[in-house]
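The values are calculated or read from the model by the stated rules, or taken from the named source; none is laboratory data. Keep in mind that what you see is a predicted model, and the values were worked out from it rather than measured. Glycine gets a Cβ as well: all are built from the backbone with ideal geometry, and neighbour counts include every protein chain shown.
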Amino acid sequence: MQHLKDKVAVITGGNSGIGKATARLFAKEGAQVVITGRRQDVVDQVVDEIGNGVVGVVGDVADLEHHQRLAEIVTRRFGNLDIYMANAGIINLTASANVTPEDYDRHFATNTRGVFFGVQTIEPLIRDGGNIIVTSSLAATKVLPDHTVYAGSKAAIAAFAKNWAIEFKPRKIRVNILSPGPVDTAILGKLGVSDADRPVLERHLATIIPAGRLGQPEELAHAALFLASEAGSFVNGVELHVDGGMTLA
Ligand code: NAD
């Protein structure tokens, strides 16, 4: 049985890592999936790779016109949608003393403003009874070294999501937060750690995570499927930590 048969799902940052694994799983589960990403070549490649009629849209979530264009494309092709996953995000670890205004603005433009205005633009197109998932982070609740600005940008969207769960009550739209711990995706290469030091980082993280290893994008995709499908029909306004237990460590 397909768990998302005849549903339309939009996943921002769906051309890489957690978003891509979720797009692949949602498509396999019968959804018509729209992915967004910044680079045309990568979006095209992932559309080909996943198949199943996945649609790719290129744009920057920090650019508010992008959300309008996305809304127009969804309206034209499908009329409405059922699932919106605001997943695109960036990270650049820096001690607060060294954070520049540009770095601060970049984090909040993508991770926070992009999510807020994405939801503001797309929500009217979500069918009653649909749902929204925002990808936050373990860093929003657990203090991690040099994560301050990133953590703030992700904590804000968790707060947005809880407010939306109440605001969208009249339309029975559920809103949940997916909160990953360290997951083996391209983003780990953007923490400022060299390729040579990456295995050291991974071994170190594995010792902290009770599961004893990094998460895999597919494990986050299955958690997203739970939130997005009928299996999660009574789950609303929660922050689902998918982190191998690292919240507690
Ligand atoms: P990733 O780098 O593989 O994917 C990030 C995606 O976001 C890419 O598709 C990228 O193109 C897109 N993106 C970034 N900036 C964008 C912009 N301005 N406009 C449009 N798209 C943009 O990393 P991932 O691990 O799959 O990250 C997915 C989400 O999970 C992010 O929000 C990230 O903060 C969050 N997260 C990841 C981890 C982890 O360890 N991997 C942990 C906690 C939270």
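So, ASP82, is that one among the acidic types (Asp, Glu), within 12 Å of the ligand (Cβ to nearest atom) and surrounded by 15 or more Cβ atoms within 10 Å (Cβ to Cβ) or not? For ASP82, the condition - among the acidic types (Asp, Glu), within 12 Å of the ligand (Cβ to nearest atom) and surrounded by 15 or more Cβ atoms within 10 Å (Cβ to Cβ) - is not met. Scanning segment 4-20 for residues that are in a helix (DSSP H, G or I) and either at pLDDT below 95 or on the phi < 0 side of the Ramachandran plot (or both), we see that the one that is farthest from the ligand (Cβ to nearest atom) is LYS20. Could you go through segment 231-242 and let me know if any residue there is under 13 Å from the mean Cα position of the chain (by Cα), at pLDDT 95 or above and either more than 28 Å from ALA161 (Cα to Cα) or of a type in the set (Val, Ile, Thr) (or both). Within segment 231-242, one or more residues are under 13 Å from the mean Cα position of the chain (by Cα), at pLDDT 95 or above and either more than 28 Å from ALA161 (Cα to Cα) or of a type in the set (Val, Ile, Thr) (or both).
Output the residue which, of all residues in segment 146-183 that are charged (D, E, K, R) and part of a helix (DSSP H, G or I), is nearest to the ligand (Cβ to nearest atom). So the residue we want is LYS154.
For every residue, the table says whether it meets (1) in contact (Cβ under 8 Å) with a residue 60 or more places away in the chain; (2) within 13 Å of the ligand (Cβ to nearest atom); (3) surrounded by fewer than 23 Cβ atoms within 10 Å (Cβ to Cβ).
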position	(1), (2), (3)
THR22	yes, yes, no
ALA31	no, no, no
VAL55	no, no, yes
ASP60	no, yes, yes
ASP63	no, yes, yes
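If you go through segment 170-192 and keep only what is basic (Lys, Arg), modelled with pLDDT of 95 or more and more than 20 Å from LEU240 (Cα to Cα), you end up with just ARG171. Residue check: VAL74 meets all listed conditions (1) outside any loop (DSSP other than H, G, I, E, B); (2) touching a Pro at 6+ places or on another chain (Cβ under 8 Å) but one, namely (2).
Of the residues that sit in segment 184-200 and are among the hydrophobic types (A, V, I, L, M, F, W, C) and closer than 23 Å to ALA88 by Cα, which one is farthest from the ligand (Cβ to nearest atom)? Among those residues, the one meeting the criterion is VAL193.
Residues in segment 154-174 that are farther than 17 Å from MET85 by Cα and either without any contact (Cβ under 8 Å) to a residue 24 or more places away in the chain or small (Gly, Ala, Ser) (or both): GLU167, LYS169, PRO170.
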